[in-house]
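Asks: Here it is: the structure, laid out below.
The values are calculated or read from the model by the stated rules, or taken from the named source; none is laboratory data. What you see is a predicted model, and the numbers here were worked out from it, not measured in a lab. Methodologically, a virtual Cβ is constructed for each residue, glycine included, from the backbone with ideal geometry; neighbour enumeration extends over all protein chains shown.
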Amino acid sequence: MTASTLICDDSAIFREQLKMILNEAGIQKVYEAGNGIEAVQMFLDYEPDLVFMDIIMPKQDGISTLKELVSYKKNSRIIMTSSCSQQSHLRRALHLGADAYLRKPASEQNILPLLQKYNPASF
């Protein structure tokens, strides 16, 4: 089984950095969305195993998008990402169904354990 991942972030630089780490970890199916609206469509089209989603984005924020993705009741794991350190965002995301929270900037050292925990098919 080949694992697939959706990265939803308005920063093209962050998406590229995360994609490089995922590719090096053996995940070759990586889809990218620049906002929550695009993320919902890609989520429905590709049904990724794992989703990395920024909290603060244009058009539709990550919290609203998280609610929508969780309502579809797929088996995808959702990891919220943000450079914002407000605990209220973290608690709300986890309460709404996010599996984990990753503070930016992301590095291989903090992403690989999440991949092993939430996407074991990739290893």
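Asks: Ala98: small (Gly, Ala, Ser) and modelled with pLDDT under 90, yes or no?
Replies: Working: small (Gly, Ala, Ser): yes; modelled with pLDDT under 90: no.
No.
Asks: Determine the pairs where a residue that is closer than 14 Å to Asp54 by Cα, located within the range 27-38, has a partner that is of a type outside the set (Ser, Thr, Tyr) and part of a strand (DSSP E or B) with Cβ atoms under 7 Å apart, the partner being 6 or more residues away or on another chain.
Replies: Matching pairs, first to second residue: Glu32/Ile7; Ala33/Leu6; Ala33/Cys8; Gly36/Cys8.
Asks: Still on this structure: Given the range 1-87, what strands (runs of 3 or more DSSP E) lie entirely inside it while holding 2 or more residues that are of a type in the set (A, V, I, L, M) and within 15 Å of Leu115 (Cβ to Cβ)? Before the answer, list the steps.
Replies: Details: elements: 4-8, 29-33, 50-54, 77-82.
It comes to 4-8, 50-54, 77-82.
Asks: Follow-up question, since we're still on this one. Is it fair to say Gly34 is crowded, with 16+ Cβ neighbours inside 10 Å and over 11 Å from the mean Cα position of the chain (by Cα)? Full working, then the answer.
Replies: Values: crowded, with 16+ Cβ neighbours inside 10 Å: yes; over 11 Å from the mean Cα position of the chain (by Cα): yes.
Here the answer is yes, as Gly34 does meet what is asked.
Asks: How many residues are within 18 Å of Ile55 (Cα to Cα) and assigned to a helix (DSSP H, G or I) when one looks only at the range 96-109?
Replies: Going through the range 96-109 one residue at a time, the tally reaches 1.
Asks: Find all pairs meeting these conditions: Cβ atoms under 7 angstrom apart; at least six residues apart or on different chains; first residue within the range 64-81 and surrounded by fewer than 16 Cβ atoms within 10 Å (Cβ to Cβ); second residue part of a loop (DSSP other than H, G, I, E, B).
Replies: Val70/Gly97; Lys74/Glu47
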